[in-house]
1. Which one of these does Gly45 not meet: (1) exposed (fewer than 15 other Cβ atoms within 10 Å of the Cβ); (2) under 12 Å from the mean Cα position of the chain (by Cα); (3) of a type outside the set (S, T, N, Q); (4) within 30 Å of Phe111 (Cα to Cα)?
2. Looking only at region 14-37, how many residues end up being under 24 Å from Val76 (Cβ atoms) and surrounded by fewer than 15 Cβ atoms within 10 Å (Cβ to Cβ)?
3. Taking region 50-66 as the region of interest, how many residues are surrounded by fewer than 15 Cβ atoms within 10 Å (Cβ to Cβ) and not basic (Lys, Arg)?
4. Let me confirm something: among Ala49, Ala88, which residue is in contact (Cβ under 8 Å) with a residue 12 or more places away in the chain and among the small types (Gly, Ala, Ser)?
5. Among the residues in region 29-37, are any at pLDDT below 90, not basic (Lys, Arg) and not in a helix (DSSP H, G or I)?
6. May I ask you to verify whether Arg53 is over 30 Å from Gly6 (Cα atoms) and either modelled with pLDDT of 95 or more or within 16 Å of the chain's Cα centre (by Cα) (or both)?
7. If you scan region 1-18, which residues turn out to be small (Gly, Ala, Ser) and not in a helix (DSSP H, G or I)?
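The values are calculated or read from the model by the stated rules, or taken from the named source; none is laboratory data. Quantities reported herein were computed from a predicted structural model and do not represent experimental measurements. Backbone-built Cβ (ideal geometry, glycine too); neighbour counts: all protein chains shown.
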Amino acid sequence: MAFDVGIALTWILFLALFPIAFFWLRRAWRIIIGRDFSEVALKRGEPPADPARYAPFAAANNLICGGIIVFVIGLVLSAQPAYETWSAIAGITIWCKFIFDFIISRQAHSFLARKKS
């Protein structure tokens, strides 16, 4: 049996979904239940002046994207869909999560607030 790079990358992508879902759902848990806003809307490692204002958006982003990743894991384990289907769902979810986090952090650290100080 020869080593197939495509199968190896498929397994790496699938196994990477487990820690991704764990960290995103843990972050949502910390924001919603633990009221820990230390990781909300960070820009260059600095939290905004009022992180509680942006916490619902960050929590929703983490909860929805983490839930979609858990759904993809369950889908792959139960139904064995085509690789293109589940990898597309996972990939779009990951990119949307990063883009929405970027948008939230830029809204929280507005240019006018930075210019005044």
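1. (2)
2. Residues in region 14-37 being under 24 Å from Val76 (Cβ atoms) and surrounded by fewer than 15 Cβ atoms within 10 Å (Cβ to Cβ): 7 in total.
3. Selection size over region 50-66: 3.
4. Within the list Ala49, Ala88, the selection yields Ala49.
5. Yes, the conditions are met somewhere in region 29-37.
6. Numbers: over 30 Å from Gly6 (Cα atoms): yes; either modelled with pLDDT of 95 or more or within 16 Å of the chain's Cα centre (by Cα) (or both): no.
Here the answer is no, as Arg53 does not meet what is asked.
7. Of everything in region 1-18, just one residue is small (Gly, Ala, Ser) and not in a helix (DSSP H, G or I), namely Ala2.
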